[in-house]
Amino acid sequence: MSSTALSHGAVIDAAFLSAADAAPARTTAQPSGARVRLRLTRRGRAVLTALVALPIVIGAFVFALNGGGAAASGDRTHVSFQHVTVESGDSLWTVAERIAPNADPRDVIAALVTLNGLDSAVVSPGQDLAIPTQYAH
């Protein structure tokens, strides 16, 4: 058996010493205002990202299913436009100047192309063009 000598000459049997008696206890008490740093593993970051992204994905999915529907009604609106017939030698520029002499011809041409669904600014003689309502007399 081993024994330990004390300063007063007394001998204590080592079997009676506990771990707490052998080594001084360390306290890791932190001040009341101290912050504890959170450490995330790779898997923890993946789970956190998935949890944050899940409501966004579900919201986008619900919006895609419900957001695109248009309510169709049985009421038909008949809009009548005035028409102009393209004459020989006419271009959209001359037609635009003829139907709206006080407006910028570029704006009138853009409106004519959009309203009539033209692929280009080329027109042919005899072609009927609908006139936008803001330029009709």
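Values quoted throughout were computed directly from the atomic coordinates according to the rules given, and no laboratory measurement underlies them. Here the structure is a predicted model, which is why all the values come from computation and not from measurement. In this analysis, Cβ positions are derived from the backbone assuming ideal geometry, glycine residues included, and neighbour counts consider all displayed protein chains.
Some points to look at:
- Spin-label model distance (nm) - ARG42 vs ALA121, 7 Å beyond Cα toward Cβ: 6.0
- Stokes-Einstein diffusion of region 82-135 at 10 °C, 1.306 mPa s viscosity, Kirkwood radius from Cα pairs, rounded to a whole number: 146 µm²/s.
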